[in-house]
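Encoded as structure tokens, the structure appears first; notes follow it.
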Amino acid sequence: MKGIHSDKAFTVINYTLLVIITLIILYPLYFTVIASISEPYDVVSGNVVLWPKGFTLDSYRQIFQNEEIWVGFRNSVAYTVFGTLMSLVLTIPAAYALSKKNLWGRGLITTYFVIIMYFSGGLLPTYLVVRDLGLLNQPYTLIIIGSFSVYNMVVARTYYQSSIPESLYEAAEIDGCSGFGQFFRIAVPLSKPIIAVIALYYAVGRWNDFYNSLVYITNSDYYSLQQVLRNILLESQNALAAIDGNTMSSEEMVYFMRRAYMAEAMKYAIIFVSSLPMLLIYPLVQKHFVKGVMIGSVKG
């Protein structure tokens, strides 16, 4: 009886903790949604906590009428799609090659990759290289930079070593299959789970990246959506800082306050809109994602 009661108590505590953790994780997204559909004044005043106040869709109307946001959205989609494809083209073949025990210099190459994973050249040398190559203020710069992750390569290499038996390659070689044939006909079709995981990692990183756009891009036509969001945040802060009751007329104060409040509400609307693509993509790859994470979690 004591064992049964202990199991029940453990189950109750377990589910209680899971519910609490789930609420903690989901609340920021929930708050973003309710803040984006609330009156800007209530959002700035901190009146929005659990429920929206004064339902309005003005923030979304402002977003869909703002050309900069659409340009940023288009650019981010392009950077994410082409950047992820380029990253997969570089990462998967490298992982497959390093999974081969008969690769000449395999240990030395792996050591080199591990070293550059922990030690990089730094921001200034990287910027100088990008400048000297003529890549500043070019849209494809954001596709090239960060196109290879050693961590993702190691995870994919572990998958190839632990999940695909060497006997498959040996049988294919006996049948006359070349090295490229083994990669494209055996390795790639059987590695869909890890490819889905790596693709999702790269896509989320590309979509959320604003740092590279901030450093290497000055033309607003090439801004990513995240940089546009940052500019809106700065606009909100600058509008609030510009309010001076001693020098402004009442009409000017009302104008700047409305502008600041609207920018604050738009911030949450843009966060939700910019997060929506990744939220919609994840369920499509969840099956492969869970399997790939479990198999590639031990990076031997």
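The values are calculated or read from the model by the stated rules, or taken from the named source; none is laboratory data. From a predicted model like this one, the values you see are computed outputs, not experimental measurements. Here the Cβ positions follow ideal geometry from the backbone for every residue, glycine too, while neighbour counts run over all protein chains shown.
Looking at residue 187, is it over 23 Å from residue 74 (Cα atoms), in the same structural domain as residue 90 (by TED's automatic domain parsing) and of a type in the set (A, V, I, L, M, F, W, C)?
Numbers: over 23 Å from residue 74 (Cα atoms): yes; in the same structural domain as residue 90 (by TED's automatic domain parsing): yes; of a type in the set (A, V, I, L, M, F, W, C): yes.
Yes; evaluated as a whole, the condition is true for this residue.
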Quick test of your reading of the structure: residue 30 fulfils all but one of (1) free of Cβ contacts under 8 Å to residues at least 12 places away in the same chain; (2) within 19 Å of residue 231 (Cα to Cα). Name the failing condition by number. (2)
Taking residue 114 as the residue in question, decide whether it is assigned by TED's automatic domain parsing to the domain that holds residue 269, outside any loop (DSSP other than H, G, I, E, B) and modelled with pLDDT under 85. yes
If you scan segment 150-178, which residues turn out to be β-branched (Val, Ile, Thr) and in a loop (DSSP other than H, G, I, E, B)? 164
Given (1) more than 27 Å from the chain's Cα centre (by Cα); (2) not hydrophobic (A, V, I, L, M, F, W, C); (3) not in a helix (DSSP H, G or I), number of the condition residue 121 does not satisfy: (1)
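Only one residue in 91, 80 is in contact with a Lys or Arg (Cβ under 6 Å, 6 or more places away or on another chain), within 30 Å of residue 145 (Cα to Cα) and in the same structural domain as residue 203 (by TED's automatic domain parsing), so which one is that?
Result: 80 is the single residue among 91, 80 that is in contact with a Lys or Arg (Cβ under 6 Å, 6 or more places away or on another chain), within 30 Å of residue 145 (Cα to Cα) and in the same structural domain as residue 203 (by TED's automatic domain parsing).
Go through segment 92-112 and count every residue that is of a type in the set (Lys, Arg) and surrounded by fewer than 16 Cβ atoms within 10 Å (Cβ to Cβ). Even if it seems obvious, please write down each step before you answer.
Initial filter on segment 92-112 (of a type in the set (Lys, Arg)): 100-101, 106.
Those still in the list that are surrounded by fewer than 16 Cβ atoms within 10 Å (Cβ to Cβ) too: 101, 106.
Number satisfying all stated conditions: 2.
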Scanning segment 124-149 for residues that are outside any loop (DSSP other than H, G, I, E, B) and in contact (Cβ under 8 Å) with a residue 40 or more places away in the chain gives 127, 130, 141, 142, 143, 144
